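Some notes on the structure that comes next.
The values are calculated or read from the model by the stated rules, or taken from the named source; none is laboratory data. From a predicted model like this one, the values you see are computed outputs, not experimental measurements. Every residue, glycine among them, receives a Cβ derived from its backbone with ideal geometry; neighbour counts consider all protein chains shown. The area values use the complete protein model at the heavy-atom level, side chains included, leaving out ligands, DNA and RNA. Shrake-Rupley method; radii C 1.70, N 1.55, O 1.52, S 1.80 Å.
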Amino acid sequence: MRLTVAACAFLLALRADHRTASAFVVPQSRTAVGIQHSTASVTTIVLYATADDADGEKKEEEDKPVNPYADPNYPDLEFVNYNDPDYQIDMGIGDDFATAEEEEKISSALSPEEANAAIEEMREDRRRRNDEFQFETYHASALKSGEKYRGEWEVYRTSTFIPGQEDRVNEYGMPSLVKAKRVLKMISSGKKVGIESKSGRRVDGERIVHEELQHEDEDVKTTAGGEDGPMDEYEEFEAEIRSNKYWPDMLGPYDFRGEQGIMCVGNAYTICDAIPLENGSSSDDADVHEGPFSELRTEIGLFHKKMRMRLKFDYRVKEADVGSSSRPPLALKSMTVCREGHERWPRYSDEQTNVDNEATAALFGPPGAAGGLYDPPPVGSDDQATRYMMLDLEGGATVLFPHTIDQDPEAFNGNGWVTSLDWTPGRIRYQVDRKVLGGTKIKGLKTLELSEVQGADAEQYRPKDGGSNMRQ
């Protein structure tokens, strides 16, 4: 069965050359939903595939445009030519954008400055509507409209920040990962709160507040100092893990523009927070989301039915590097694997019967994605590749992440960084790639990419391009 583009939604905040863009649809076995961000533009493209109408196949074949971006690895890709002056689908015709004739009349009635201002106002309106869509989607899908997730948090520490083990690295300079001796039981939620706003947009008066609380069971109550005396070094580390913040205090719709490092797409999302480096090289009027940073915390997550797996990465500047450079590198301090259930704990005991125990196998089954990462992303030069680690996780998941992130814009020719999570919680296999910019812009998203494939067909459709970025 042939596939064609049935709908494209949210092509927003067009570039200055706003008629130039490209989009594609992949076969149903590998559906892609892509979101691209840069400081100058925000482009969101959602594509759906449907069966052709048999009566229109012949005419469509004759009218099919030549694809200058043809990839021999994907011969079935459909091509949409946004340079076609007659193309109107998803351009907002009859809504926000005028036809070519109407645009000409408008342009002739305005000065160049007035025309540019009108166009920018139109783009900003579409950006704001995309902000609202992202904000609402994140709250409804990733946070289940404020309901609770109950989870088991598995914590890994790097030797880089363990007293007495700072120099414990392998021949490639990779630190050791030390799994914590206890699993934390946590309850998480994210709820909307109202704020004062004079805007006519409802979401301008709403913010999302996240909350992560320790579950008070008997095992936890006896391990946090108290009557037994002050907390030891590990208990202090546990307390820090529970209190670390990975999001703005009041998350608003305009935090979803990429620079903040927050976005959602399909069944995946990412959030981010950072602390600027004191006496950093940024000027007072610099972008508040531009580094260098002393701390950077990022999170990526995938959710499926009543299950959610998310990974938290905590990066810090090492004490030994403080003052050594105006843009010191960030080193991974900890990684936390959160396996969670929606309004229930993620696993049942073996004694319980007549319960849906699908989550236990999906979250705590044998480690590692089948065959490794489904679509390994490009990680730069061989030298930059040594800054990465890969780890197989229980539940059939694999994660790729950098253990050291350079903040020097000249490092690795300014190439950015990527974190990938591959997980198959059911019939569908997901891989989310969080790709960020390089240098002091490491907080800002370059892309958030999600691949989906039937788990049983993953090997058949596994990409063979050697690692490449999603075509934009």
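What to note about this one:
- Segment A361-V178, length gained on full extension (0.36 nm per residue, minus Cα span): 63.5 nm
- Cα-Cα over 21 Å, subset of K192/K245; K185/K443; K148/K435; K312/K333; K245/K443; K144/K435: K185/K443; K148/K435; K144/K435
- Full-extension gain in nm, A370 to D167, via 0.36 nm per residue minus C-alpha separation: 69.8 nm
- As a calculated quantity, the FRET efficiency between D457 and M390 at R0 = 25 Å, using C-beta atoms, amounts to about 0.60.
- Environment charge of E212, counting only residues whose C-beta is closer than 12 Å and scoring Lys/Arg +1, Asp/Glu -1: +4
- Label zone at D382, where the point sits 7 Å out along the Cα-to-Cβ direction: the range 154-184 residues whose backbone N lies under 19 Å: 170-174
- Interchain or long-range residues, amide H under 5 Å from G396's placed H: G365, G368
- Shape analysis of the range 235-342 places it in the oblate category; the axes a ≥ b ≥ c from the Cα gyration tensor give an a/c of at least 1.5, with a/b not above b/c.
- Using θ = phi - 60° in the Karplus curve 6.51 cos²θ - 1.76 cosθ + 1.60, the 3J(HN,Hα) couplings for the range 110-119 round to 10, 6, x, 5, 5, 5, 5, 5, 5, 5 Hz; x is entered for Gly and Pro.
- The stretch between D321 and S199 holds 39.4 nm of extra length on full extension. This uses 0.36 nm per residue minus the Cα-Cα distance.
- Backbone HN-Hα couplings from phi across the range 291-307 [Karplus 6.51/-1.76/1.60, Hz, Gly and Pro as x]: x, x, 10, 8, 9, 9, 10, 10, 9, 10, x, 10, 10, 8, 6, 9, 10
- For the range 181-198, 3J(HN,Hα) computed residue by residue from phi via the Karplus equation (6.51, -1.76, 1.60; θ = phi - 60°) reads 7, 10, 9, 8, 9, 10, 10, 10, 7, x, 10, 7, 10, x, 10, 6, 8, 9 Hz, glycine and proline entered as x.
- Per residue, the solvent-accessible area of the range 105-224 (1.4 Å probe, heavy atoms of protein chains only, all protein chains present) comes to 57 Å².
- Model label points for H215 and I187, set 7 angstrom from Cα along the Cα-to-Cβ axis, are 1.0 nm apart.
- Packing around the peptides 305-312, 380-387, taken as the average count of other Cβ atoms within 10 Å per residue, puts them in this order, highest first: 305-312, 380-387.
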